[in-house]
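The values are calculated or read from the model by the stated rules, or taken from the named source; none is laboratory data. No experiment lies behind these values; they were computed from the predicted model shown. Ideal geometry is used to build each Cβ from the backbone, glycine not excepted, and the neighbour counts take in all protein chains shown.
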């Protein structure tokens, strides 16, 4: 008698968490409740959002879960780190798959956040009251780049030593505070011998915690700023809206497709791995930066490391940060539309910057 | 619209499950990892996952003690061939002289003390087989690049701080810095015999480099029972053409030892074409004695009289009383003889044991072939009908009467 009531309660409680079409149950489930009741149809289309923001959240979730699983086996000391990566890759049941998922989700996250940024600029979605959230997003983008770099360093194999030395030495070139920044990032001693525990802590706590906080803040601000960027009601041509049920369905479909892509990538293209680092490797080991820093590596060949390795990349982010503040505000009717004329200068600046980065990356891949 | 979306979601969910099944199937296809924890390192290694078919390298290097990585290097945990092999020492040959110290060295292994006879690497590095010093000096002297036959250069630079020969160091021979074309030719064509070099391309007498050049006769094996055919990979594979300064490889495989030697004027007694080289020539002769020598003849000292004595002197012998005698260790490595305390064995002028030659109570000697395990008995020259003067006992004199042809 009691058992039957317990089972019914359990089923009822769990079913309340799930999406439902039961019209009698008027209150939305937890997952539905995370979404606005309705969304403007024109701005909820994939061809408008590209699904980039939502995809980024999903990828962060995958990275978080796979990262926690990796932490069960990863050993953050310089003697055993690379060996523990090999252990995860080859001997832990499904460890290779988990590591590959972590890797590919992290690479895709970088691409997706970059696409998200470009989309926001190209649809004038940063304007007016959203420009603070634009800055939050930009900060998240920078943190994600740093997370990718520290994650790359945690392999602690022969492949990462020279990029690690180059990357951390760039900090030293910063006038006045370079050495302090280096000490904060690396600690004492040489980067390739003592810095692992620092990078581990940065990767697991120092960067992840801000990303979690800023991501929640970013999502909160999207809701607080009125949901997805859209022209004011009197300037809209399309007044139709979709329900949160429909929005969740689209998200589920996107999640499934990204899941499939990730599993296929993780199954067929393994994450990079190299022999364990035994002291500082000779220069015979190809000293190539991770792909997302190849454009900086290419510039470093041209001269002063502070100018080309620090000042220009930081300047680039500064330009991006100032876009909502220095360019004329887009017309209200243009907000939430692709390539509106009223924010053309911002589109041109971002396009030029993106093309320069892509060209530099391409140049760095050409044989010397 | 909802209907289409639900269909799409169902289809995508099915595809996701399929891709998960594919990922599981790919994982299940991986070979079952075979773990081995050698007692020497105490660290797991997984080389046997792919290499279970390899034979044990030798009875003195049991795989459960040494494993693979302590000699070969490599990434012990990797199951991907490229990564696993990426840090191997000397490729497939860890005994290559460029890496031999890391692979085979260590005070308990092959770079230990001379007193314990564990200085193999030091001996090989300084040996004439490795330096090629005699040939280099000879050619440079012939073509006027140096004033005498004293060696100045070896294949690789080497230092011998505790020299007993007076030669303390050799510089690296660099054919490019030589001015005489013949010496340059020699450098280009004739440096493939020493232990540092791979043999010529397409050589029918293939051998490896370093220790394996002599000790690895086939596949993944190491032995001290080195057959004469292994020595032939260098010592009977062709000859120099001093006119063109080229090495002319012989095109045939020697079949009959007495007829197929590359020096047509050479003379041989029966033991020279019946026994294996290692039956008579000692470890110091073959691997060096730890000192840099000027020429092959300076290190080669075993002659007929070493075993047979002279009309006036019996060969040198030694009765084994100490179980730690080197002779026992050598006999253990190649157990063709059941050597016992109290056995009397032949020794060389330098005290090197011929542990496979025992003195029998009737005054004769019994030799067991180190490779063939054949038994041979012989009597010393003393009290035989030999009329050769005791002063003239080099092999050339013995050949005068005892050469087969």
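Annotations for the structure displayed:
- Any hit, the stretch B:43-53, residues being over 27 Å from residue A:81 (Cα atoms) and not assigned by TED's automatic domain parsing to the domain that holds residue B:218: yes
- Subset of the stretch B:61-94 that is exposed (fewer than 15 other Cβ atoms within 10 Å of the Cβ) and either closer than 22 Å to residue B:208 by Cβ or under 20 Å from the mean Cα position of the chain (by Cα) (or both) - its residue that is farthest from the other protein chains (Cβ to nearest Cβ): B:62
- The single condition among (1) without any contact (Cβ under 8 Å) to a residue 40 or more places away in the chain; (2) facing chain A (nearest Cβ under 9 Å) that residue B:33 does not meet is (1).
- Taken over the stretch A:222-257, the residue count meeting the criterion of being within 14 Å of chain B (Cβ to nearest Cβ) and part of a helix (DSSP H, G or I) is 14.
- Taken over the stretch B:57-71, the criterion of being part of a helix (DSSP H, G or I) and either assigned by TED's automatic domain parsing to the domain that holds residue B:332 or touching a helix residue (DSSP H, G or I) at 6+ places or on another chain (Cβ under 9 Å) (or both) is satisfied by B:63, B:70, B:71.
- Residue tally, condition outside any helix (DSSP H, G or I), out of contact with any helix residue (DSSP H, G or I) (no Cβ under 8 Å at 6 or more places or on another chain) and surrounded by fewer than 21 Cβ atoms within 10 Å (Cβ to Cβ), over the stretch B:124-173: 12
- The helices (runs of 4 or more DSSP H) found wholly in the stretch B:235-314 and carrying at least 3 residues that are over 19 Å from residue B:398 (Cα atoms) occupy B:283-287, B:296-299.
- Qualifying residue in the stretch A:173-183 (condition: touching a residue at least 40 places away in the same chain (Cβ under 8 Å), over 13 Å from the mean Cα position of the chain (by Cα) and under 30 Å from residue B:27 (Cα atoms)): no
- Exactly one residue among A:106, A:81 is away from every other protein chain (no Cβ under 12 Å), within 22 Å of the chain's Cα centre (by Cα) and buried (at least 17 other Cβ atoms within 10 Å of the Cβ), and that residue is A:106.
- Test: residue in the stretch B:107-121 that is surrounded by 17 or more Cβ atoms within 10 Å (Cβ to Cβ) and either within 14 Å of chain A (Cβ to nearest Cβ) or in contact with a strand residue (DSSP E or B) (Cβ under 8 Å, 6 or more places away or on another chain) (or both): no
- Selected residue (criterion: surrounded by the most Cβ atoms within 10 Å (Cβ to Cβ)) from residues of the stretch B:36-51 that are outside any helix (DSSP H, G or I) and facing another protein chain (nearest Cβ under 10 Å): B:46
- Only one entry in B:342, B:363 is surrounded by fewer than 17 Cβ atoms within 10 Å (Cβ to Cβ) and within 25 Å of residue B:384 (Cβ to Cβ), namely B:363.
- Residue in the stretch B:3-22 that is within 30 Å of residue A:80 (Cβ to Cβ) and facing chain A (nearest Cβ under 9 Å) present: no
- Complete set of residues in the stretch A:198-225 that are in contact (Cβ under 8 Å) with a residue 24 or more places away in the chain, in contact with a helix residue (DSSP H, G or I) (Cβ under 9 Å, 6 or more places away or on another chain) and over 16 Å from residue A:64 (Cα atoms): A:199, A:217, A:218, A:219, A:221, A:222, A:225
- The stretch A:321-352, subset closer than 28 Å to residue A:181 by Cα and touching a helix residue (DSSP H, G or I) at 6+ places or on another chain (Cβ under 6 Å), residue surrounded by the fewest Cβ atoms within 10 Å (Cβ to Cβ): A:321
- Positions within the stretch B:1-32 being assigned to a loop (DSSP other than H, G, I, E, B) and either modelled with pLDDT of 95 or more or more than 30 Å from residue A:79 (Cβ to Cβ) (or both), in sequence order: B:1
- Looking only at the stretch A:122-152, and only at residues there that are over 17 Å from the mean Cα position of the chain (by Cα) and in a helix (DSSP H, G or I), the one that is surrounded by the fewest Cβ atoms within 10 Å (Cβ to Cβ): A:129
- Some residue of the stretch A:287-307 being within 14 Å of chain B (Cβ to nearest Cβ), buried (at least 17 other Cβ atoms within 10 Å of the Cβ) and not in a strand (DSSP E or B): no
- Checklist (1) touching a helix residue (DSSP H, G or I) at 6+ places or on another chain (Cβ under 6 Å); (2) outside any helix (DSSP H, G or I); (3) closer than 30 Å to residue B:156 by Cα applied to residue B:103, failing item: (2)
- Test: residue B:79 is part of a loop (DSSP other than H, G, I, E, B), closer than 12 Å to residue B:47 by Cβ and touching a residue at least 40 places away in the same chain (Cβ under 8 Å): yes
- Residue B:101 being surrounded by 13 or more Cβ atoms within 10 Å (Cβ to Cβ) and within 14 Å of another protein chain (Cβ to nearest Cβ): no
- Verdict on residue B:54 being assigned to a loop (DSSP other than H, G, I, E, B), farther than 30 Å from residue A:241 by Cβ and more than 14 Å from chain A (Cβ to nearest Cβ): yes
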